[in-house]
Amino acid sequence: MLYRRFGRTELQMPVFSCGGMRYQFKWDDVPESEIPAKNQANLEATIKKAVEVGINHIETARGYGTSEMQLGRILPKFPREKLIVQTKVGPKEDAKEFRENFDKSLKYLQLDYVDLLGLHGINTPELLDYSIRPGGCLDVVRQLQAEGKVRFVGFSTHGPTDVIVQTINTNQFDYVNLHWYYINQWNWAAIEAAKRHDMGVFIISPSNKGGLLYQPPQKLVNLCAPLSPIVFNDLFCLSHSQVHTLSLGAAKPEDFDEHLKTLELVDRASEILPPILARLEAEAIATLGEDWVKTWQNNLPTVDKTPGEINIRVILWLWNLAIAYDLVDYGKMRYNLLGNASHWFPGNKSDRLNELDLRQCLAASPHADKIPRILQKAHQLLAGEEVKRLSQQ
């Protein structure tokens, strides 16, 4: 395993973390007696495999249902100083409720403290306010630190880059969990801000949200050769020293195997990546056109400034990925979340275009004339059954 200094925490963080949202039994709390022995055995085998290969950072959340309770059966069996344990608790308007939720987390984990506590989902200015205002959730965290129950505090986010940067610039957090990988590099400004504040940087879900890379289309496999799409994406992320760890949402022990192939390549990333990156860009230009590839994002309206709150930017992005790389299944998964995921994935689908006039909101776009047609085509390609966030399933 390779390790990187996790910002000002000074923790030696493995470049892969064991995320805890895919091996648990339920997304809701249930009595411990209801957890099947087979499910628990798989979770424990996954954790043992993680630690065996040097992935000693175990990451979970209060919002991951039975994950904490099930981890509480295995984590106390390891020497505590050998583990880096992170849980996350969503910010609340009532800071007392936040404290109660953390206390429940710690009880379920059966630990005396967590190394890292993340405020889960600072996605909006309102949730940031709940976190940092006097008497808010961050004041509770400071008390927990004084009690020895939390070592370092960070935040996770699915929010827009400007909200992430604003949160980072409070300089109240030691690390950040955010999205950033090859197909979605929008948050690079936030990573740069985190570096300026010497914060740890944890990448959320690079294989799932990064393109369903564990079931890639053949076209993407060919473009990423000789690497698998998973190894390519891992190497792309880790080739940037500002990135410290990638979350691997393992569902079973074998899920680590492909990722581990990346480790021996990190020192050679500068020679391995350029030909693959060039192929990926060339294919995007060949299928979508150079002018579109280089300018499609220019002057797009935000969701709140768009009639019907259509998430134009995300829909065009998913269309691009589907056409250039055959990431149709990924596009369907993400597209059909629109309208169902609140601030975790805001905005709506483009299914009501006939009722809406987008001319004014697109007036500054160099592609104002063609975007409505593409939005219509994207809906035809990607629409299907509505999808709920995993935690709602």
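Annotations for the structure displayed:
- GNM top mover of ASN208, ASN233, ASN123 - the chain, alpha-carbon springs below 10 Å: ASN208
- Fully extending the segment from LEU356 to HIS240 would add 37.6 nm, taking 0.36 nm per residue of separation and subtracting the current Cα-Cα distance.
- What the pair-distance distribution of region 279-344 shows, using all Cα-Cα distances binned every 10 Å from zero, is 20, 46, 30, 5 percent.
- Listed by chain and number, the lysines placed with their C-alpha closer than 24 angstrom to that of LYS370 are LYS294, LYS305, LYS332, LYS349; residues fewer than eight positions away on the same chain are left out.
- Result for the chain in a Gaussian network model with C-alpha springs under 10 Å: among GLY148, GLY200, GLY63, the largest mean-square fluctuation is at GLY148.
- Antiparallel beta bridges, as assigned by DSSP with both residues in region 86-220, represent about 5 percent of the total such bridges.
- For the chain, the 222 nm mean residue ellipticity estimated from helices alone, with every DSSP H stretch of n ≥ 4 adding -39500 (n - 2.57) and the total spread over all residues, rounds to -11500 deg cm²/dmol.
- Listed cross-link partners LYS49/LYS195; LYS88/LYS261; LYS26/LYS88; LYS77/LYS209 are compared with a 22 Å cut-off, the Cα-Cα value being larger for LYS49/LYS195; LYS88/LYS261; LYS77/LYS209.
- Annotation: aspartates and glutamates with alpha-carbon distance below 17 angstrom to LYS104 (same-chain offsets under eight excluded): ASP28, ASP29, GLU32, GLU59, GLU68, ASP94, ASP112, ASP115, GLU147.
- Aspartates and glutamates whose Cα lies under 15 Å from that of LYS219, excluding same-chain neighbours fewer than 8 positions away: GLU281, GLU283, ASP326, ASP329
- Over the chain: Rg over Rh, Cα atoms, Kirkwood Rh: 0.96
- Heavy-atom accessible area, probed at 1.4 angstrom with all protein chains present, ranks ARG8, ARG334, ARG352, ARG80 as ARG352, ARG8, ARG80, ARG334, highest first.
- Beta bridge orientation in the chain: antiparallel %, DSSP, nearest 5: 10
The values are calculated or read from the model by the stated rules, or taken from the named source; none is laboratory data. Since the model is a prediction, treat every value here as computed from it, not as a measurement. Note: accessible area is taken over every heavy atom of the protein model, side chains too, but ligands, DNA and RNA are not part of it. Shrake-Rupley method; radii C 1.70, N 1.55, O 1.52, S 1.80 Å.
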